[in-house]
Structure formats: C-alpha cells, structure tokens
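**Student:** The structure is given below, and queries will be raised subsequently.
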Amino acid sequence: MSDSLDHRDLAYMRQALDLARNSPPRPSNFRVGAVLVDEATNTVLSEGYTLELPGNTHAEQCCLMKLAEKHGVEEEGLPRLSEAALPRQLGLYTTMEPCSFRMSGNLPCVQRVLRLASATPETTTPRQITVYSGVTEPDTFVSKNTGRQTLEGAGIRFVHVAGLEDEILTVATAGHETKSGKSEEMK
C-alpha cells in the first residue's frame, strides 16, 4: 500500500467524504462514501454512499449499482461493457477500505471490485482499477478485514490517501455508541 498526497486524490476523497455525510447515522454500520472515476479523463462516472439505495447497501455497492442502472445492465453485467461505455482505467475513491466480509450475507465490496476488474469474452483484458482509501476499516463489526490484502493479491493497486483520517472516522462512526454508552453525534 502506498500513500498518496496528490491534490486530485484529496479532492476526490473529500467528495467521497461529503457523500458519506448523507448516510443516515446508525449504530450498526459505517457511513462511507465512494466515487468512481475514469482515470484517463478525470471524469466522475458514478458515486454512492452507505444506505443510499434500498437494503443494507454499502457505498461501493451503491456506486456500482447506479453505474449499472445508467448503462441498462445488472451490476454483474458491468465487466461486459465495452471500453467506450466503461473505461479501462478506473479509480475507486472510498472513505473506508472495501469490506471483505458482509455479516448480512450480501456480496462483499471487495468481490464487487474484483468482478468489475475481471476480463470477459466481450472485453478480453481486465480493467485496471486503483482503489484509493481514506482509512482502514475498524474492527467494530468484522475483525481483521482483508480487503486491502485481497485486492492487492489480485493485482488491484491500493493507495492510502492520507490527510483526512480523523474526519473520515468521525463521519463514519456517527450514530455509534461510545464507551460511555452515549451515541456519537452526527457530523
């Protein structure tokens, strides 16, 4: 994992953080934001935040579901889109490391990223995805998230965007109970 101090990376991470603030504060989830970018043109392709869409939806999941809807396909069909429809070099900015396990049984966000990167008969070559993360997932709900390791093991570049960690964690944990038994205020 490398650290990034690129102004563009910080700007997209701030955009993801602003999205995370839209997520309702709950004691049972982190408030996370995600932005998917065409790395060649710096164009935002989609964005999402925790619980934006119905169900127990994570930010990356919402981002990809909205992208799929935009192209008239199911999320599973995104890898089959042509390079003209979905660029080959993508950056996924997410305020928190993508999950590797979902207690709800839903597909983990890491698996969604790997599926998006996969080659298909229609595309023949895998997409190059870089995941930019603001913080590692705390062990609050799932201990030892292996998101980063799984992504890097599959050839996905993982970059820590430094500088917003405290703010990201404050937003992410709004609605959680503190050690004193009080709920964190919404930020």
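**Student:** Hey, got the dipole for the chain? About the Cα centre, +1 on K and R Cβ, -1 on D and E Cβ, debye to the nearest 20?
**Tutor:** 260
**Student:** Ok, one more. Nearest-5 percent of antiparallel DSSP beta bridges in the chain?
**Tutor:** 45
**Student:** Right, next: What list of ³J(HN,Hα) values in whole Hz, one per residue of region 41-51 in order, does the Karplus curve 6.51 cos²θ - 1.76 cosθ + 1.60 (θ = phi - 60°) give from phi, with Gly and Pro shown as x?
**Tutor:** For region 41-51, the Karplus-derived couplings read 10, 6, 9, 6, 9, 6, 8, x, 9, 3, 6 Hz, x marking Gly and Pro.
**Student:** Hydropathy at least -1.0 by Kyte-Doolittle, axial extent at least 15 angstrom from the Cα trace: which helices of the chain, defined as entire DSSP H runs, fit?
**Tutor:** 7-20, 59-70
**Student:** Still on this model: So what is the relative contact order of the chain, in percent, for Cα pairs below 8 Å that sit 6 or more residues apart?
**Tutor:** 24
**Student:** If the convex hull of the alpha-carbon atoms of the chain is projected onto planes in all directions, what is the mean projected area in square nanometres?
**Tutor:** For the chain, the mean projected area of the Cα convex hull comes to 10.2 nm².
Here, each number is a calculation from the coordinates, and none is a lab measurement. This is a predicted model, so every value here is computed, not measured. A quick note on method: Cβ atoms are made from the backbone with ideal geometry, for glycine too, and the neighbour counts reach across all protein chains shown.
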